[in-house]
1. Give the order of H250, H86, H106, H174 when sorted by the count of other beta carbons within 10 angstrom, beginning with the fewest.
2. Mean residue ellipticity at 222 nm from the helices of the chain, using -39,500 (n - 2.57) per DSSP H segment of n ≥ 4 over the full residue count, to the nearest 500 deg cm²/dmol?
3. Taking amide H positions as placed 1.01 Å from N in the peptide plane, with prolines and chain starts having none, which residues 5 or more places from E261, or on another chain, fall under 5 Å of its amide H?
4. Test of understanding: ordering L255, L300 by Cβ neighbours within 10 Å, fewest first, what list do you get?
5. What does the net charge come to around A99 if you take all other residues with beta carbon closer than 12 Å to its beta carbon, with K and R at +1 and D and E at -1?
6. Shape call for segment 196-312 from the C-alpha gyration tensor, a ≥ b ≥ c root eigenvalues: rounded (a/c under 1.5), prolate (a/b greater than b/c) or oblate?
7. Could you tell me how many cubic angstrom of Cα convex hull volume segment 1-151 has per residue?
8. When a footprinting reagent is the concern and you count Cβ atoms within 10 Å, what order do T463, T145 take, fewest first?
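What follows draws every value from the coordinates through simple rules; no lab data is involved. Because the structure is predicted, anything quoted here is derived from the model rather than measured. Neighbour counts are summed over all protein chains in view; Cβ atoms, including those assigned to glycine, are modelled from backbone coordinates with ideal geometry.
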Amino acid sequence: MKYFSTRGGSQELSFEETVLTGLAPNGGLYIPTSIPTLPQDWQTEWASYSFVDFSVAILSLYISPNEITQEELRVLVEKSYASFRHPDVTPVKKLSDKAFVLELFHGPTFAFKDVALQLLGNLFEFFLLRRNARKAPGERQEKLTVVGATSGDTGSAAIYGLRNKANISIFILHPKGRVSPIQEAQMTTVTDANVHNLAVKATFDDCQDIVKALFSDQAFNTTHRLGAVNSINWARILAQTVYYFLAYFHVRSQLPSSQVELQYVVPTGNFGDVLAGFYAKKMGLPMGKLVVATNENDILARFWKSGKYEKVESSLDGVDGTGPTEPVDGASDGKQATGAGVKETYSPAMDILVSSNFERLLWYLAYESVDVGKGDENVRRKEACEILDGWMSKVKSDGRVEVPVKVLEEARKDFLAERISDEQTLETIKLYHDGTPSYIADPHTAVGLAAARLIAPQNPSTTTQIILSTAHPAKFSEAVTRALPDLDFDVEVLPEEFKGLLKKERRVVDVERPEVNLVKAVIERFAQVEEGGEEGGASG
Ligand SMILES: *Cc1c(COP(=O)(O)O)cnc(C)c1O
């Protein structure tokens, strides 16, 4: 299996190169040359699989055995999911015959990103150790500098995925003071020497822009060998397809009739989680339309309404007064404060202006729109890349693109979309807490639950919904306690692991302005320290 960039070029990469590169040099995202189909007997053969078995079976369809053998893959996968607290890794919980929750938060940082990042860390380490083992004595060892931006979860999950891994250092930028206290503590209390937290006085999107700028800086990228852990990394998407399969079997086995159609409902930000569902669907996993559930940062919900993929709505809807106060940004660099772009909501891990992985879906939509009569597969693929490239240039220059009607129709074949307000999010947390069985959802999960409820009345009677639960409620105490003021949070919600976290020693570097050069300087400083073998320590 090979991979190519959504924006074209003749280059085809191995799985290893794809994972180590992250973002393609031309700004595109890597996708497989074809989507593999499932083995004939999967429905019977896979029925009793464990999470690890599913992982090995699915991942090996996308990774050539001469890159990673099934045996090696099994070792990597077992190691990755041993850190999860539940034997099913991603267990399903039944709310009713019509609705199940797929809990993705039983990993080390209590959020769904652990599923992908525990594996990604082990893949990185596996590739580097193998490359370095092949080097002649005295030859320079290959190292990887992982750089990422986080609005909260990616950071801690990436740090836990990469802490203490050989040949890897990790630099995570977060918007200072704009991630939840527990998330900030989770990230900055990891004091392994290869872990560097950068608190940038900026928004998450500024942080993401800096990371993008670093990746497109050829010289810097080559010197430091940058690797991505943002949700654009192909291995993350791949790792996430696994639980769609697990949920399929686990839910069906708990239902009285097999005459059901499953509908996955996915709280969405950068479109990584739900994109994994799209791949599962295209591979042949039976399901209805995937539901894209957004918060008030609803660029995706608007796309499915109008076919316009547009950064900021032309008529800005007002602040509804229920959300957290808009931060006052005293930055003097002329950039507009957050109010004009990303909206701070109760589900901050989904507070995005654009959805980075959406480009991958747009590529498939472009591909479907190419006239099939026009030539062979390669011609069609090339044309899809050109169309996609045109769309992305428009997004870059105008902040928006409108796709043709038939492209929108194609998108509607596989997806539904809903936008959920902060108010609906809190109401939903309360509703499910007060329900039977009582369920305490985090605000991201609540966005999914709310979307599921909105859509349920339009579903055929044979539909059962699976709502993906992306975080433990303890990670987002503000929203949960606001929705459930009478709840004894410390007793009913807070896991043992979080107690005392806020008091632990921290390690973090402050970055005063969202400037690429300031971040480069930090990375260079630590790279030198690491080359010199000294202890690197800046805190404050
Ligand atoms: C990252 C994240 C999401 C959104 O996932 P995407 O893959 O970016 O769509 C939802 N909920 C939580 C808790 C997250 O951390």
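1. Values: H250 18, H86 13, H106 21, H174 27.
Least to most surrounded, the residues fall as H86, H250, H106, H174.
2. Calculated from helices alone, the mean residue ellipticity at 222 nm is -13000 deg cm²/dmol.
3. Counting only residues 5 or more places away or on other chains, the set is T463, T464.
4. L255, L300
5. +3
6. Cα axes put segment 196-312 in the prolate bin.
7. Details: hull volume 27.2 nm³, N = 151.
It is 180 Å³ per residue.
8. T463, T145
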